[in-house]
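Scroll down for the structure; my scribbles are underneath it.
The values are calculated or read from the model by the stated rules, or taken from the named source; none is laboratory data. What you see is a predicted model, and the numbers here were worked out from it, not measured in a lab. No Cβ is skipped: glycine too gets one built from the backbone with ideal geometry, and neighbour counts run over all protein chains shown. All accessible areas refer to the heavy atoms of the entire protein, side chains included, with ligands and DNA or RNA removed. Shrake-Rupley method; radii C 1.70, N 1.55, O 1.52, S 1.80 Å.
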Amino acid sequence: MPKKFLGLFIMLVSCFALWGLLNNMTDNLVPAFQKIFMTSQSTAGYVQVSFYGAYSVIALLASFLVQRAGYRAGVLVGLGVYVIGALLYVPACVSQSFWLYIVGIFIVAGGCAVLETTCNPYVLALGDKETAVRRLNFAQMFNPVGSLAGILLAQQLILANLNPATADERAAMAPDALGEIVHHELFWVCVPYVGLCAIAAFIWFFFFFTKRSSADEVSSEPTNYGEILSILARSPRWYLGVVAQVFYVGVQIAAWTCVNVYCQKELGVTPEQGATYYLLALIAFIICRWIATFVMKYVEPAWLMAFFAACAIACTAGVMYFPTEVLFTVGGLPFSANVLCLIAMSGCMSLMFPTIYGIALGGIDPKAHKLGAAGLIMAIVGGALLTPWMLDIIGNADSCWIVLTSAFDGTWDTDLKTSSAALRASFIVPAICFAVVLAYSLIFRKREDAPRG
């Protein structure tokens, strides 16, 4: 990478960590708000609806902004929108309003959507095309690091400050006493989000006082959106990349949603111990992304992703069919073959998002990159589309037992409990998703389709 872009690249990498942190911290608001506001799980689920809904709406608007004003403007707007949304948490805390929080979450996610739509193609533009996919994978390595920080912040600041009182005990409290408890809990919901405004403001001022670079050139000619849409419509690498991205994001969110409950069901661990397995899965994800980024110096990104996708399918089969017999115990945590496959599956997912992104935009006309980026970011809605499918399978134990036993005649784990059958069978969804990613990798496996990292 040219030295003149190094400062820009470092600050862009910090944005990758920032939205990764926000994504995973927001996931913990669902159980937190369900307890604080004494609401149903479906109502608390509006947190996710609001968050992913913002991505599906704002990403396209962000692409128009970037097309007109450039990447630097997109970063400034994204960070500014995030700060506005996070500060809205303060009046939401004071008024103890669930729906005002939902509005704040939508605005925060809108800021993240603008940042993702902007920063990914910005990184691709900072240097040679031949190293673009590897450069994006390097930047994306810091996204799961932020995710890990988000989980720890949520556990230590938000979840740790929830009052242990049950819904029935809260309902029996005097309004003033309950109000004090809720205010304390919502205050600690605000702390990490408002605190991150300082980091966002620092990055904002950096970009504000940095002049537009050569990688952020904006054409003085009027934008011909008809021409751009025509370019994208004639680019199977792009529209099939959007499809692959929908399935990838869907499998990441769906599979990670089920890690804790899977370990509880199969190994009989507590929810707190189950959370540790999730952290191990995330650590595997981070380590494998670092390894994959290094290996891309020597292996074509598409071929490497095909290998990882094939391994992910094999791991998914292990999650579904390997026995639950404990192989060893570490620090009081039992590990079985199927749970090890579950953790390894997370590692296999590590390079998929940035590699699909890089391949999809790698060979099309640069004038279509900004609008094309929006489609690839809007594909994050796959998390909201495929997770319910997986959860629906879990809710149909009898039919899922047939799915499990018919595939391999039930010979791999004859002692499988019916209570776990539906949960295991639900991993047919990740298997299908990884098959889609594998197919995309093989279709665009040639060097001219996927520049060497």
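Once Rh for segment 307-380 is found with the Kirkwood sum over Cα pairs, what is the Stokes-Einstein diffusion coefficient at 20 °C and 1.002 mPa s, in µm²/s? Working shown, then result.
Working: Rh = 14.8 Å.
Result for D is 145 µm²/s.
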Inset, instruction - Give a residue-ordered list of calculated ³J(HN,Hα) values for segment 369-379 (Karplus: 6.51 cos²θ - 1.76 cosθ + 1.60, θ = phi - 60°; whole Hz; x for Gly, Pro). - result: 4, 5, 6, x, 4, 4, x, 6, 7, 4, 5
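First obtain the Kirkwood hydrodynamic radius of segment 55-102 from its Cα pairs, then insert it into the Stokes-Einstein equation at 4 °C and 1.567 mPa s, and state the resulting D in µm² per second as a whole number. List each step's numbers first, then the result.
Numbers: Rh = 12.1 Å.
Here the translational diffusion coefficient equals 107 µm²/s.
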Legend entry - Accessible-area order (highest first, 1.4 angstrom probe) of the listed residues 311, 258: 311, 258
Legend entry - Per-residue SASA entry for residue 188, accessible area with 1.4 Å probe, Å² rounded to 10: 60
Inset, instruction - Taking all protein chains together and a probe of 1.4 Å, list 369, 184 from the most accessible to the least accessible. - result: 184, 369
Legend entry - Taking segment 221-348 and dividing mean pair separation by its residue count, relative contact order in percent (alpha carbons under 8 Å, at least six apart): 24
Legend entry - Cα coordinate range in the chain, projected on the principal axes (Å, largest first): 63, 60, 39
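Just need the relative contact order of the chain here, percent rounded to a whole number, with Cα pairs under 8 Å and 6+ apart.
Numbers: 708 pairs, mean separation 106.7, N = 453.
Relative CO of the chain lands at 24 percent.
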Inset, instruction - Step through the table entries 3/211; 4/367; 3/370; 4/211; 129/367, compare each Cα-Cα distance with 20 Å, and write down the pairs that go over it. - result: 4/367; 3/370
Inset, instruction - Sum -39500 (n - 2.57) across every DSSP H segment of at least 4 residues in the chain, then divide by the residue count to get the 222 nm mean residue ellipticity, nearest 500. - result: -24500 deg cm²/dmol
Inset, instruction - Pick out, from 264, 380, 10, the residue whose Cα sits farthest towards the positive end of the charge dipole of the chain, with +1 on the Cβ of Lys and Arg and -1 on the Cβ of Asp and Glu. - result: 10
Inset, instruction - Please give the direction-averaged projected area of the C-alpha convex hull for segment 231-334, in square nanometres with one decimal. - result: 8.5
Inset, instruction - At most 13 other Cβ atoms within 10 Å plus a DSSP loop assignment makes a site exposed; report the longest stretch of the chain without any exposed GluC sites (Glu not before Pro). - result: 1-216
Legend entry - Backbone HN-Hα couplings from phi across segment 314-325 [Karplus 6.51/-1.76/1.60, Hz, Gly and Pro as x]: 5, 5, 5, 4, x, 4, 7, 10, 5, x, 9, 4
Legend entry - Intensity falloff of segment 1-138 expressed as log10 I(q)/I(0), Debye formula with alpha-carbon point scatterers, at q = 0.09, 0.19 Å⁻¹: -0.31, -1.04
Inset, instruction - Place the peptides 72-78, 434-440 in order of packing, highest mean first, counting for every residue the other Cβ atoms within 10 Å and averaging per peptide. - result: 72-78, 434-440
Legend entry - Rounded to the nearest 20 debye, dipole of the chain from Cβ charges on Lys, Arg, Asp, Glu: 1600
Inset, instruction - Over the alpha-carbon set of segment 149-300, work out the extent along each principal axis and list the three values in angstrom, largest first. - result: 65, 44, 32
Legend entry - Solvent-accessible area of residue 283 with every protein chain in place, 1.4 Å probe, in Å² to the nearest 10: 70
Inset, instruction - Using +1 at the Cβ of each Lys and Arg and -1 at the Cβ of each Asp and Glu in the chain, identify which of 364, 203, 343 lies farthest towards the dipole's positive end. - result: 364
Inset, instruction - Give me the accessible area of residue 84, 1.4 Å probe, in Å² rounded to the nearest 10. - result: 110
